[in-house]
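The values are calculated or read from the model by the stated rules, or taken from the named source; none is laboratory data. A quick note: this is a predicted structure, and the numbers were derived from the prediction, not measured. So basically every Cβ, Gly included, is an ideal-geometry build from the backbone, and we count neighbours across all protein chains shown. To get the accessible areas, we keep the full protein, side chains included, count just its heavy atoms, and leave off ligands, DNA and RNA. Shrake-Rupley method; radii C 1.70, N 1.55, O 1.52, S 1.80 Å.
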Amino acid sequence: MADEELEALRRQRMAELQAKHGNSANDPQAQQEAQQRETDMRNSILAQVLDQSARARLSNLAMVKPDKAKAVENYLIQMGRMGQLGGKISESGLIEILEKVSQQTDKKTTVKFNRRRVMDSDEDDDD
């Protein structure tokens, strides 16, 4: 990704933040427009960073686990802004990143059965 493109995106983001904080926070139309601009900016950065198959995989992940997809998107955008990516990431590269994120956010799922004791009472002992 070219440094000029990154600088233009940074300037655009800075202008959006200044406009957001300068305008009234209660204006829903302005908030919606700002959110739309941010979404467009994120999509443009991801289009520059990911190839087509990796974008498809990320969008499939976003349907199933939106919080995990958002974390991966933020990670990719941050790496792109810092210039740590040496070109477009393929699907296999995205899979490696997803595995790293999964290891960092590994949650243990436990199932606990809480059975009702309807007819099981010690008072009804028939000895």
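Taken over the chain, the ratio of Cα radius of gyration to 2.2 N^0.38 Å equals 1.71. For residue 89, the residues whose modelled amide H falls within less than 5 Å of its own, excluding neighbours fewer than 5 places apart on the same chain, are 50, 51. For the residues 71, 62, 19, a GNM of the chain with alpha-carbon springs under 10 Å puts the largest fluctuation on 19. Simple spin-label estimate for residue 90 and residue 43 gives 2.7 nm between the two label positions (7 Å along the Cα-to-Cβ direction from each Cα). Let me confirm the definition first: pairs of Lys residues in the chain, 8 or more apart or on different chains, C-alpha distance under 25 Å. How many are there? Value for the chain: 16. When the alpha carbon gyration tensor of the stretch 26-77 is reduced to an equivalent ellipsoid, its three semi-axes come out at 23, 13, 9 angstrom, largest first. Counted residue by residue at 0.36 nm each, then reduced by the alpha carbon distance between them, the extension gain from residue 32 to residue 71 reaches 11.9 nm.
With all protein chains in place and a 1.4 Å probe, the accessible surface of the chain carries 46 percent carbon and sulfur. Roughly how tilted is helix 52-64, in degrees to the nearest 10 and between 0 and 90, from the longest Cα axis of the chain? Rounded to the nearest ten degrees, it is 40.
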